[in-house]
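Each remark here refers to the structure printed beneath this line.
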Amino acid sequence: MRTYAYDIYEPIGRKEGETFPVIFGIHGFGGDELDMAGRLELLMDRFVVVSLRGDVEYGPSFGFYHMVLEGDPNMHEIDFTSLRVAEFIDDICKNYHSIDKNQIFVAGFDQGAILTTAIMQSYGGQYKGAALLSGRLPTFLENRPANLMLKNKQIFIGHGLEDAVFQVKEADKIAAFFEKMGCNVETHRYFIGHNINEAEQDDLNDWFESFLPNQPVKNKAEKQRPQ
């Protein structure tokens, strides 16, 4: 099966045999592998970051599957792409010895968030958790049986209150979808549109850092952001 172009960032100065959690970044429609790498840059000294590039070309940019003007993306294309990405993740984890295979995260924005949701629904039992940024929940995923292997998996959801592409109610649907499978879901809303701002990026970094050893518990009440 055809693989994806990608960039990998391993912590500089790592010792031989040392392993780190890994984050696989999946960009949105019209993006490339630099998009998620830029969002995760501040974590690269403590995480391995693998940023994929979709192979559906849109001029100088890329996607992971073909967009539709209305309604859900093509179910069969989403399922096939989810399998491809899951197999890609498996191959990377086998080939890079700096990766802690018990600490695998997937993070996606826009189209990447939709794809990450589908990946978690089908293959998420082998991952620690996922970050879903400005995504939506396709109906065909809602109607599938719950994946009981997702119990206690970690989910971060971030969404703009003024998002005109995917309304903020989609964040609630995604949260309910994963909560019914026993996931630990953390939902954040921001006064932005269909994008990521500094506040969201800070919350995302804090969330990932919380899985590192010896991290202090942060007081969420100090942030004064819409929840």
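Here are a few things to note about the model shown:
- The range 42-83 - accessible surface per residue (Å², probe 1.4 Å): 52 Å²
- Summarising the label geometry, the points placed 7 Å from Cα in the beta-carbon direction at Asn184 and Asp55 lie 3.6 nm from one another.
- Looking at the chain, the pairs of alpha carbons with a distance over 27 Å make up 28% of the total.
- Exceeding the 19 Å Cα-Cα cut-off - candidates Lys128/Lys173; Lys94/Lys153; Lys15/Lys128; Lys101/Lys153; Lys94/Lys151: Lys128/Lys173; Lys94/Lys153; Lys15/Lys128; Lys94/Lys151
- Subtracting the Cα-Cα distance of Asp100 and Glu16 from their residue separation scaled by 0.36 nm leaves 28.9 nm.
- Global geometry of the range 154-205, whether rounded, prolate or oblate, following the gyration tensor of its Cα atoms and the 1.5 cut on a/c: oblate
- Per residue, the convex hull around the alpha carbon atoms of the range 1-86 comes to 115 Å³.
- Antiparallel DSSP beta bridges within the chain, percent to nearest 5: 25 percent
- By accessible area with a 1.4 Å probe, ligands and nucleic acids excluded, highest first: order of Met75, Met36, Met149, Met44: Met149, Met75, Met44, Met36
- Solvent-accessible surface (1.4 angstrom probe) belonging to Tyr58, in square angstrom, nearest 10: 70 Å²
- Entry note, the chain: relative contact order of 16 percent, from Cα contacts under 8 Å with a spacing of 6+ residues.
- Column: log10 I(q)/I(0), Debye, Cα scatterers of the range 98-227, q = 0.12, 0.19, 0.20, 0.23 Å⁻¹: -0.43, -1.08, -1.19, -1.48
- Computed with every protein chain present, the accessible area of Phe80 is close to 110 Å² [probe 1.4 Å].
- For the range 25-157, the square roots a ≥ b ≥ c of the C-alpha gyration tensor eigenvalues yield an a/c of 1.5 or more together with a/b not exceeding b/c, which makes the shape oblate.
- Asp172-Glu198 FRET efficiency (beta carbon distance; Förster radius 22 Å; 0.05 resolution): 0.40
- The simple spin-label model puts a point 7 Å past each Cα toward its Cβ; for Arg46 and Asn143 those points are separated by 4.3 nm.
- Here the accessible area is traced with a 1.4 Å probe on the protein chains. For the chain, carbon and sulfur cover 50 percent of it.
- Each of Glu209 and Leu83 was given a label point 7 Å from its Cα along the Cα-to-Cβ line. The distance between the two points is 4.1 nm.
The values are calculated or read from the model by the stated rules, or taken from the named source; none is laboratory data. Note that this is a predicted model, so its numbers are computed, not measured. Note that each Cβ is placed from the backbone with ideal geometry, even for glycine, and that neighbours are counted across all protein chains shown. Keep in mind that these areas ignore ligands, DNA and RNA; they rest on the heavy atoms of the full protein, side chains included. Shrake-Rupley method; radii C 1.70, N 1.55, O 1.52, S 1.80 Å.
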